[in-house]
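Undergrad: Have a look at this one before I ask anything.
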Amino acid sequence: MHGQRGDDHVELRPDLDLDAAAWWLLSVLASQKFRRATAPDSDAVEARLAESTLAFLLDR
């Protein structure tokens with residue numbers, strides 16, 4: 001059904017500097033093309049980077 005969300009509720013870590021985190025996330029996204037062009041296994045690198053990003057932002 002459209003409009004339904006999962007039961008999981010996640011929040012950003014309380015000590016996160018939102019301005020710095022936004023710039024950091026934009027930098028990560030902007031450099032994706034470079035990583036895809038140069039990393040030997042870019043899919044694995046992107047997956048690890050995504051996991052690390054979530055862990056940092058959510059304090060997991």
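Undergrad: At what distance in angstrom do the alpha carbon centres of the range 11-32 and the range 33-60 lie from each other?
TA: For the range 11-32 versus the range 33-60, the Cα centre distance is 14 Å.
Undergrad: For the chain, what is the mean residue ellipticity at 222 nm derived from helices alone (per DSSP H run of n ≥ 4: -39500 (n - 2.57); sum divided by total residues; nearest 500 deg cm²/dmol)?
TA: -19500 deg cm²/dmol
Undergrad: Next up: Report, to the nearest 10°, how far helix 42-58 tilts away from the longest principal axis of the Cα atoms in the chain, using its own Cα long axis and a range of 0 to 90°.
TA: 30 degrees
Undergrad: Pop out the carbon and sulfur fraction of the accessible area of the chain as a percent, whole number, probe 1.4 Å.
TA: The computed percentage sits at 57.
Undergrad: Still on this structure, please answer the following. Students often get this wrong, so try it: which of (1) 1.00; (2) 1.12; (3) 1.38 is Cα Rg over 2.2 N^0.38 Å as calculated from the structure shown?
TA: Among (1) 1.00; (2) 1.12; (3) 1.38, the one derived from this structure is (3).
Undergrad: Fully extended, how many nm does the chain gain between Arg60 and Thr38 (0.36 nm per residue separation, minus their Cα-Cα distance)?
TA: Between Arg60 and Thr38, full extension yields 5.0 nm more.
Undergrad: Could you give the nm distance between label points at Leu49 and Asp8, where each point is 7 Å from its Cα heading toward the beta carbon?
TA: Label at Leu49, label at Asp8, 2.2 nm between them.
Undergrad: Averaged per residue, what accessible surface does the chain expose to a 1.4 Å probe, in Å²?
TA: Spelled out: the 1.4 Å probe surface of the chain, per residue, equals 89 Å².
The values are calculated or read from the model by the stated rules, or taken from the named source; none is laboratory data. Everything numeric in this text was worked out from a predicted model, so none of it was measured. Please note: Cβ atoms are built from the backbone with ideal geometry, for glycine as well, and neighbour counts cover all protein chains shown. The protein model used for the area step is the full one, side chains on, heavy atoms only, and it has no ligands, DNA or RNA in it. Shrake-Rupley method; radii C 1.70, N 1.55, O 1.52, S 1.80 Å.
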